Amino acid sequence: MGKFCSNCGAELKPGALFCHNCGTATKSEASLTGLVCAVFAAVLLTGCVGAGSPNMPYELDTPAPHDHEGRFVSEHGSMTFNGDGTSITIDFDEALADLTDLPSGEQEGEYVFLSGDLPPVGSMDVRYDVAHEMRISVGDVSSVIRVGVASDDGNTATVGTGMVTPERIPLLFDIDGKNVTYMFEKE
């Protein structure tokens, strides 16, 4: 019988140090320090550190997805992408504006998809197909929003690789102790 992630319950691959679904460290990380040093050295050697670095997929032979383009809508508003990978026009209702601390109504801004907290480097820009978070900035206001799909009862949520697709962007919020997804789908 296989091993399962203590955080999200996904079945772990044999010898995995981290869950492929949520990134939680497994119990079998005997040489985690060596792994962290090796990964850090590999990142330095390939020049992938710092602002403006290319977003790398988890598997190097995976082609990068195209940037979002067009209008994505939910019952709480819309997000319109022009395809350049940075510009966004949001139009959030009051409820979503309150959850994100962003202004309501139509606003021009910028966005980036993020990895979530990855020790020792923290959160960094990633391709949307491996994102755990999305940062939207409007003027001087910036909000980091989790991406993922809440369970029907709101007690759990699925996050990580594959949550954001070319056709959907699921924003995940904690509302009164329950996970709630605001699903934005392409028109």
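The values are calculated or read from the model by the stated rules, or taken from the named source; none is laboratory data. Predicted model only: the values in this text are computed from it and were never measured. In this analysis, Cβ positions are derived from the backbone assuming ideal geometry, glycine residues included, and neighbour counts consider all displayed protein chains.
Quick notes on this structure:
- Of the residues making up the stretch 65-77, those that are surrounded by 13 or more Cβ atoms within 10 Å (Cβ to Cβ), under 19 Å from the mean Cα position of the chain (by Cα) and not in a strand (DSSP E or B) are 65, 67, 68.
Yes/no per residue for (1) closer than 17 Å to residue 68 by Cα; (2) without any contact (Cβ under 8 Å) to a residue 60 or more places away in the chain:
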residue: 149; (1), (2): no, yes
residue: 163; (1), (2): yes, yes
residue: 177; (1), (2): no, yes
residue: 184; (1), (2): yes, no
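Residues checked against (1) surrounded by 16 or more Cβ atoms within 10 Å (Cβ to Cβ); (2) β-branched (Val, Ile, Thr); (3) not in a loop (DSSP other than H, G, I, E, B):
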| residue | (1), (2), (3) |
| --- | --- |
| 79 | yes, no, yes |
| 90 | yes, yes, yes |
| 96 | yes, no, yes |
| 99 | yes, no, yes |
| 102 | yes, no, no |
| 116 | yes, no, no |
| 129 | yes, no, yes |
| 137 | yes, no, yes |
| 146 | yes, no, yes |
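- Reported count of residues in the stretch 161-187, each being in a loop (DSSP other than H, G, I, E, B) and basic (Lys, Arg), is 0.
- Enumeration of residues in the stretch 53-96 that are at pLDDT below 90 and among the β-branched types (Val, Ile, Thr): 62
- Among the residues of the stretch 104-114, those identified as surrounded by 14 or more Cβ atoms within 10 Å (Cβ to Cβ) and assigned to a strand (DSSP E or B) are 107, 109, 110, 111, 112, 113, 114.
- Scanning the stretch 111-169 for residues that are among the small types (Gly, Ala, Ser), modelled with pLDDT of 95 or more and in contact with an Asp or Glu (Cβ under 7 Å, 6 or more places away or on another chain) yields 137, 143.
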